[in-house]
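Down below is the structure, laid out as structure tokens.
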Amino acid sequence: MNKNKSIDLKSFLENTITAIEPDNGVAMYIDTLESRIPNNLLFDASSNVFEPENVALSNDVQIRPMSVEETKQFESQVNECIDEIFVEGVHYGSVPGVKKKFIFKAGCEVILSMMGLVARTSIVDKIEDYSNGVFSYTSKTYLIDSSGCVRAEGYGVCNSKENKYLKMNPFNVQNVLIKLSRKRSITDAVLSVASLSNKFSQDEDLVISEQKLGSDTSRPQDNNSNGYNEERPASQKQILFLQNLMSQHGTTVEAINKYVAQTYGVDDYHNLSGAKISQLIAKFKNVRN
């Protein structure tokens, strides 16, 4: 046998391996699964704009008004979720002098998980004037349930002419504008679908409220834009929330303390400020996502 003889691998495989086809039972099962995937949960590969169908995909799915008792039960579940899971500085924030709190993206994600909804967001309008450095983005979000029904819609706009961006280089904040536009549209949709407008507002609404308050120099100044004091001690609720995430990820106390010692120069995570605990929680959430 000539050991140096070359082999045409492509021809060899084509001639010796027959086509692999699933048997009829498996093929029918695959077809059934594919037919049950709601098109509204998928993006069209030929377009970067998400346009869901405006009808339910199954005759078995019926949208009907909730009774008074069902409405009470739903509101109770939402309130329980907020009371048990939400942590100030992580899921929502507040500013002294403004009664209504404002919800963060992390809070919106918790509500979506609780309700079993998927958010589909896309840019539906934009202005990109590179000559004059003017950028504006409008996003639209659809909240869709597992049957493919659209449960709520939301819009969000962000542009480089907003007060907080006027003194910045517009080319440096272009990506920030896009992300904030998307975040605002998600928040708008979540506040609507969960009937949370009486509890929370969006951050831009908060800015308007602050402007109405005027420049009150007697109010305490926080160290960041979320109205959350960087040096305020972590609350017990934050600690418990972090410990729950540690348990989910199999992170030991030794491992977390080693990390906080290297990152923050603190030997025990219990001694971290609330803001730094929030950073740790965000890191766990990013790993999970």
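Every number in this text was worked out from the coordinates using simple rules, so none of it is lab data. Keep in mind the model is a prediction, meaning the values are calculated, not measured. Cβ sites come from the backbone with ideal geometry, for glycine too, and all protein chains shown count toward neighbours.
Applying 1/(1 + (r/R0)^6) with R0 = 30 Å to the Cβ-Cβ distance of R232 and Y155, what FRET efficiency is obtained, to the nearest 0.05?
0.30
Starting from the Cα of Q77, step 7 Å along the direction of its Cβ; do the same at S113; then give the gap between the two resulting points in nm.
1.6
Given the pairs K105/K140; K101/K126; K100/K283; K183/K283; K179/K283; K167/K283, which are separated by over 21 angstrom at their Cα positions?
Distance filter (> 21 Å) returns K101/K126; K100/K283; K167/K283.
Which of the chymotrypsin sites (Phe, Trp or Tyr not before Pro) across the stretch 90-163 are loop residues per DSSP, with 15 or fewer other Cβ within 10 Å?
Answer by residue number: Y130.
Please report how far the C-alpha centroid of the stretch 144-195 lies from that of the stretch 79-99, rounded to the nearest whole angstrom.
20
Once amide H atoms are built 1.01 Å from N in the peptide plane, which residues 5 or more positions from A234, or in another chain, come under 5 Å H to H?
Answer set, sorted by chain and number: G274.
Which order results if R232, R184 are arranged by neighbouring Cβ count within 10 Å, fewest first?
With the fewest neighbours first, R232, R184 line up as R232, R184.
Taking the Cα-to-Cβ direction at M66 and at Y264 and moving 7 Å from each Cα, how far apart do the two end points lie in nm?
It works out to 3.7 nm between the two label points.
Whose amide H sits under 5 Å from the amide H of G148, counting only residues 5 or more places off or on another chain, with H placed in the peptide plane?
none
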